[in-house]
Amino acid sequence: MVLKMIEGFKTKQLVYLTFVYSLLFSFLQPNIGRAQVEIIDQVVAIVDDDIVLASELRERVEAVRSTMESRGVDMPPEEILVRETLDRLILDSIQLQLARRYGVRIPDAQLDEAMTRLAQQNNLTLEGFRPALEQNGQNYLAARESLRNDLAVQRVQQGSVMRSINISPQ
């Protein structure tokens with residue numbers, strides 16, 4: 001088939017195509033040898049169908065550290081802080097996976113109510129809560145999804161999902 005295509009081309013076209021391809025490969029080839037590997041992130045834990053990344057762990061450790069400092073709580077040694085934070089991330093992942101498996105869904109209306117309560121706890125309206133979060137360096141949509149996940153985990157912890165599980169003796 002390729003030969004039939006080549007036969008259909010004029011010699012001038014073949015020379016041109018050959019030139020273009022050789023030019024293309026000559027530009028690409030030197031870069032292949034100089035390619036560098038850059039580690040973007042690392043997996044620190046594999047949790048069933050999920051992973052915990054080093055960047056997630058660092059972010060959570062910083063958040064915990066910030067919260068502890070703002071409350072005047074004595075800071076544990078770094079090794080303990082990192083280990084306990086990783087344990088919490090693993091537990092959260094397990095619980096979120098359970099919630100997904102059992103179809104726990106938090107409707108937007110329920111999430112809006114929870115966001116309103118959270119805003120009121122901070123003496124703000126829901127409309128004023130968004131700029132306040134962003135002023136503290138937090139993304140509103142990320143905070144909203146985090147709250148959705150927290151509510152799903154709470155539902156798992158309360159056992160509403162567990163009632164539908166039947167454990168039989170083996």
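The values are calculated or read from the model by the stated rules, or taken from the named source; none is laboratory data. Since the model is a prediction, treat every value here as computed from it, not as a measurement. Here Cβ is always computed from backbone atoms with ideal geometry, including for glycine, and neighbour counts include all displayed protein chains. Calculation scope for accessible area: heavy atoms of the full protein, side chains included, ligands and nucleic acids excluded. Shrake-Rupley method; radii C 1.70, N 1.55, O 1.52, S 1.80 Å.
Of the residues that make up region 90-97, is at least one touching a residue at least 24 places away in the same chain (Cβ under 8 Å) and surrounded by fewer than 17 Cβ atoms within 10 Å (Cβ to Cβ)? Let's see the steps before the verdict.
At the first step, the residues of region 90-97 found to be touching a residue at least 24 places away in the same chain (Cβ under 8 Å) are 90, 92-97.
If we keep only those that are surrounded by fewer than 17 Cβ atoms within 10 Å (Cβ to Cβ) as well, we get 94, 97.
Checking region 90-97: at least one residue is touching a residue at least 24 places away in the same chain (Cβ under 8 Å) and surrounded by fewer than 17 Cβ atoms within 10 Å (Cβ to Cβ).
In region 133-142, is there at least one residue being more than 25 Å from the chain's Cα centre (by Cα) and either part of a helix (DSSP H, G or I) or at pLDDT 90 or above (or both)? Before you say what the answer is, go through the steps one by one.
The initial filter retains those residues of region 133-142 that are more than 25 Å from the chain's Cα centre (by Cα), namely none.
Looking through region 133-142, none of the residues is more than 25 Å from the chain's Cα centre (by Cα) and either part of a helix (DSSP H, G or I) or at pLDDT 90 or above (or both).
Based on this model, can you work out whether SER66 counts as in contact with an Asp or Glu (Cβ under 8 Å, 6 or more places away or on another chain), modelled with pLDDT of 80 or more and not in a loop (DSSP other than H, G, I, E, B)?
no
Just one of (1) of a type outside the set (D, E, K, R); (2) surrounded by 10 or more Cβ atoms within 10 Å (Cβ to Cβ); (3) at pLDDT 85 or above trips up LEU23, so point out which.
(3)
Let me confirm something: among ARG34, ARG83, ARG71, which residue is open to solvent by 40 Å² or more (accessible area, probe 1.4 Å), farther than 21 Å from LEU151 by Cα and modelled with pLDDT of 95 or more?
When all the criteria are applied, what remains is ARG83.
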